[in-house]
Amino acid sequence: MRIPLSWLKELVPLNISVQEVAERLIRLGHEVESIETPRADIAGVVVGHILSMMPHPNADRLQLLRVDIGTDEPLSIVCGASNMKVGDKVPVATIGTRLPGGMVIKKGKIRGETSYGMCCSAAELGLAEDADGLLILSEDAPVGSEVGAYLGLEEAIIDLSITPNRGDCMSVRGIARELAADLDLPLARVGDVELSVDDAVAKPGVRVEDPGHVPCYMARRIEGLRVGDAPEWMRRGLAYAGMRSVNGVVDVLNYVMLYLGQPMHAFDASRLEGELKVRRARKGETLDALDGHHYELTADDLVVADDHTVVAMAGIIGSEASGVSGDTTEVVLESAFFRPACISTSRRQHGLVSESSMRFERGVDPSMVGPALEQATKILIDLFGGRAGPVLCLGDPAELAAGRTIRCQRSELEERLGRQIPREADCVLERMGFRVRLVDDLMEVHAPAFRHDIAIPEDLAEEYARILGYDSIPSMMPALKACKVQKKEAQLDHAVAAGAIQCITYAFISEDEQRHFVKDDGRDLRLVNPISEDMSLMRRSLWPGLLRVARHNMNRQQPGVFLTELGRIYEAADQAHHREHRILAWLMCGEVHRDEWYSPARMADFFDLKGAIEDWFDAVGLKGRFLADDGIVGLQPGQSARIMVGKQGVGVLGRIDQSIAAAYGLEVAVFAAWVDLDVLPQSRQPRFVPLPEFPSVQRDVVMLFDRSIAADTLVQTAAKAAGPLLADVYVFDVYTGKGIPEDKRSVGFRLTLQDASRTLTQEQADDLVRKVVDALTSQHGGQLR
């Protein structure tokens, strides 16, 4: 935000240099990006009077001028402009002057004629972007005087970067209040405006349908305007503040906004149909805005509409059709308090930033809604005539301006700051609009309504730190309380040890990403004030974040990725509560083995990730099983499974559906898994097992089963039937094809039998195998081959 120093001096009697002003603001926590000095930038440019003019003897487009600048002798100057004449007064840059563009004026010859200076255009003085000729000054301009002083150029312009929490400082009045409090100087108050109200001018018809987001809305009708350009002093001030002149009405509203911090809007009353309604946008409504863009509105947008169409996106921008022009004779002025959250939502959704939205998003001073409207009305009528009607006020501005009270122990604030808080600091706080009451150690501080950032004692500590100066806070380590050492995330370490790269992704995702892996069951947690629509929901799956990381790496010529993340997912439990789960997720895609002389490259498949998960379960001391399941959202049927520990489902594994992978720009097969760490049973403590003294016995059993029976179910049945003498059992062969019925498949099991106390006999081994076959036959209809 750019503020001319002269504007600050109108509100505070500053008697310090602009550099000292900047230092004060920096100490108060406001970043000063730069200081511009328009008047000093053209020091050495004086008013010159053209005494004579003749063509250059050696150039058709040059003129030889004799210019009086108040010195003993007139200057001879070669000039290429053509819009001047004898008797005109023009800016003259004398020898040694450095112009805003960096040009240094020197004595020199131009086509054989010596020039002792340069006559300047507005562009060369930095007063305009371009110019067709010299800047012709008024006849009463005193010859020899500094042009900067004569034109009333600003002494200095301070460019500030206002932090998002300080909406109260998005105005000249807000910054002036800070300086006045810090320097103990009087602050000019916004006085009552003497304004004649014509009751014959009807109040505008307005209805607020969303009072929760529009607690105060004021409007007034002005008739009989003769709109013209704003006066030069106002247009120049707006330019210093970084705003362009539009027309008289808009310029006045912008001028008042810059001074008081209250954005306002003017509608051409002749272009409105019926009453105005402040409401949520409806499906299919659009806005052709003043910036020339077309916006598709949503139910999240707060709008102002007449009986026919939307005429403004509330607090952000108006429509082109209802805008004020040079032909406007009657207007409806709007001044309102819009809740920051709804303005922020619309601004981000449409990528639309305006001077108005920046102030409403940060929070405006509710006590300025009415005074700003009165000030703007007064200036408009003084400049362009007309009759002002009475003000329509919807809502209670006094209730909004009540502020809030914070209670705390003064000693706690001093402990946080590391130093005592003197009474002088309370006085500064009171000059900033606070009320401080101290009884022994108990503080009761009333924060003004314009300080939306003050809500808790820690905010007060920050205010005192600003007032005292951050440099005054002692540099010392705070006393730290002993705390329990956090448990090391062993589960994550095991995943990383297996070769996966740890990622940390945002917990916010878009609704489309949520639907890839979670059905819409009404348990999504939607953010009230999201950063963007792409980050509007709390995630219920870690996979979208890992897919984005995979895309980022694959797009940068990585042959393959193996990623892991330990994070939380979030879902609603009921209207007032939510649940969180600690999830460990994996993602694998691309090459798992690069092309070598001894073997070709190999792409990741289902069993690569399944093996990694099995190794992870071994590392954490648990036994994981995998049950095929074609109904997992987001995974490809035939290559998806649920992960079980005992009878408890703890996660899923599979190939990401090809269409979902393609939506993330991944053309290779992508495999992912997750395990819910909160439902995992306690892992077994590792114990020493001596090497077996007696040999094991291996037996292979091959049987026919229905295709619908999962292999894991068969393995569990075999293990239970064999009992404690079974050291291991796994499927070593699955066959379908010639000689096997279509609804059957051949499954081969390898049993390892062992007794730690003796060598098993042939008969004992055969008896165990027979028990396994009998169990598979009776429970699953198996047929021995």
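Which of the residues that make up segment 521-534 are over 16 Å from D574 (Cα atoms) and modelled with pLDDT of 90 or more?
Once the filter is applied, which keeps residues that are over 16 Å from D574 (Cα atoms) and modelled with pLDDT of 90 or more, segment 521-534 yields nothing.
Exactly one residue among V697, V679 is under 24 Å from V496 (Cβ atoms) and touching a strand residue (DSSP E or B) at 6+ places or on another chain (Cβ under 9 Å), and that residue is V679. When the residues of segment 571-614 are narrowed to those that are in a loop (DSSP other than H, G, I, E, B) and in contact with an Asp or Glu (Cβ under 9 Å, 6 or more places away or on another chain), which ends up least open to solvent (accessible area, probe 1.4 Å)? Filtering first and then ranking leaves A604.
Would you be able to say whether some residue in segment 442-450 is within 27 Å of E334 (Cα to Cα) and not small (G, A, S)? Spell out the reasoning first.
Within segment 442-450, the subset within 27 Å of E334 (Cα to Cα) is 448-450.
Filter once more, so that each one left must be not small (G, A, S): 448, 450.
Yes, there is a match, as at least one residue in segment 442-450 is within 27 Å of E334 (Cα to Cα) and not small (G, A, S).
Yes/no matrix, rows are residues, columns are (1) more than 22 Å from R39 (Cα to Cα); (2) at pLDDT 90 or above:
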| position | (1), (2) |
| --- | --- |
| Q63 | yes, yes |
| K89 | no, yes |
| A93 | no, yes |
| M118 | no, yes |
| D132 | yes, no |
| G144 | no, yes |
| V147 | no, yes |
| E154 | no, no |
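Would you confirm whether or not segment 753-773 contains a residue that is of a type in the set (G, A, S), farther than 14 Å from V702 by Cα, open to solvent by 40 Å² or more (accessible area, probe 1.4 Å) and assigned to a helix (DSSP H, G or I)?
No, the conditions are met nowhere in segment 753-773.
Can you name every residue in segment 541-570 that is open to solvent by 20 Å² or more (accessible area, probe 1.4 Å), out of contact with any helix residue (DSSP H, G or I) (no Cβ under 6 Å at 6 or more places or on another chain) and closer than 21 Å to D678 by Cα? The answer is R568, I569, Y570. State whether the residues of segment 22-37 include one that is within 15 Å of S145 (Cα to Cα) and of a type outside the set (A, V, I, L, M, F, W, C). Taking every residue of segment 22-37 in turn, none turns out to be within 15 Å of S145 (Cα to Cα) and of a type outside the set (A, V, I, L, M, F, W, C). Among the conditions (1) within 24 Å of L714 (Cβ to Cβ); (2) in contact with a helix residue (DSSP H, G or I) (Cβ under 6 Å, 6 or more places away or on another chain), I660 misses just one, which is (1).
For segment 325-367, what are the residues that are aliphatic (A, V, I, L, M), more than 14 Å from Q262 (Cβ to Cβ), open to solvent by 20 Å² or more (accessible area, probe 1.4 Å) and in contact (Cβ under 8 Å) with a residue 40 or more places away in the chain? The one that is aliphatic (A, V, I, L, M), more than 14 Å from Q262 (Cβ to Cβ), open to solvent by 20 Å² or more (accessible area, probe 1.4 Å) and in contact (Cβ under 8 Å) with a residue 40 or more places away in the chain: A341.
Within segment 625-643, the set of residues being touching a residue at least 40 places away in the same chain (Cβ under 8 Å), assigned to a strand (DSSP E or B) and surrounded by fewer than 17 Cβ atoms within 10 Å (Cβ to Cβ) comprises L627, A628.
Of all the listed residues (A180, A200), the sole one being under 17 Å from M432 (Cβ atoms) and among the small types (G, A, S) is A180. Put simply, of R282, R244 the only residue that is out of contact with any helix residue (DSSP H, G or I) (no Cβ under 9 Å at 6 or more places or on another chain), open to solvent by 10 Å² or more (accessible area, probe 1.4 Å), modelled with pLDDT under 95 and not acidic (D, E) is R282. Scan segment 728-752 for residues that are over 25 Å from K771 (Cβ atoms) and not hydrophobic (A, V, I, L, M, F, W, C) and the total you get is 7.
Criterion applied to D471, D459 was being touching an Asp or Glu at 6+ places or on another chain (Cβ under 8 Å) and in a helix (DSSP H, G or I), and the one residue passing it is D459. Give me the residue from segment 403-433 that is in contact with a strand residue (DSSP E or B) (Cβ under 9 Å, 6 or more places away or on another chain) and closer than 30 Å to E374 by Cβ and, out of that set, most open to solvent (accessible area, probe 1.4 Å). Going through the qualifying residues, I end up with R404. Need a quick list: strands (runs of 3 or more DSSP E) entirely within segment 323-421 having at least 2 residues that are under 31 Å from the mean Cα position of the chain (by Cα). Hits in segment 323-421: 331-337, 404-409.
The values are calculated or read from the model by the stated rules, or taken from the named source; none is laboratory data. It should be emphasised that the depicted structure is a prediction, and the values quoted were computed from it without experimental measurement. Positions of Cβ are generated from backbone atoms using ideal geometry, with glycine treated the same way; all protein chains shown enter the neighbour counts. Only protein heavy atoms, including side chains, enter the accessible area calculation; ligands, DNA and RNA are left aside. Shrake-Rupley method; radii C 1.70, N 1.55, O 1.52, S 1.80 Å.
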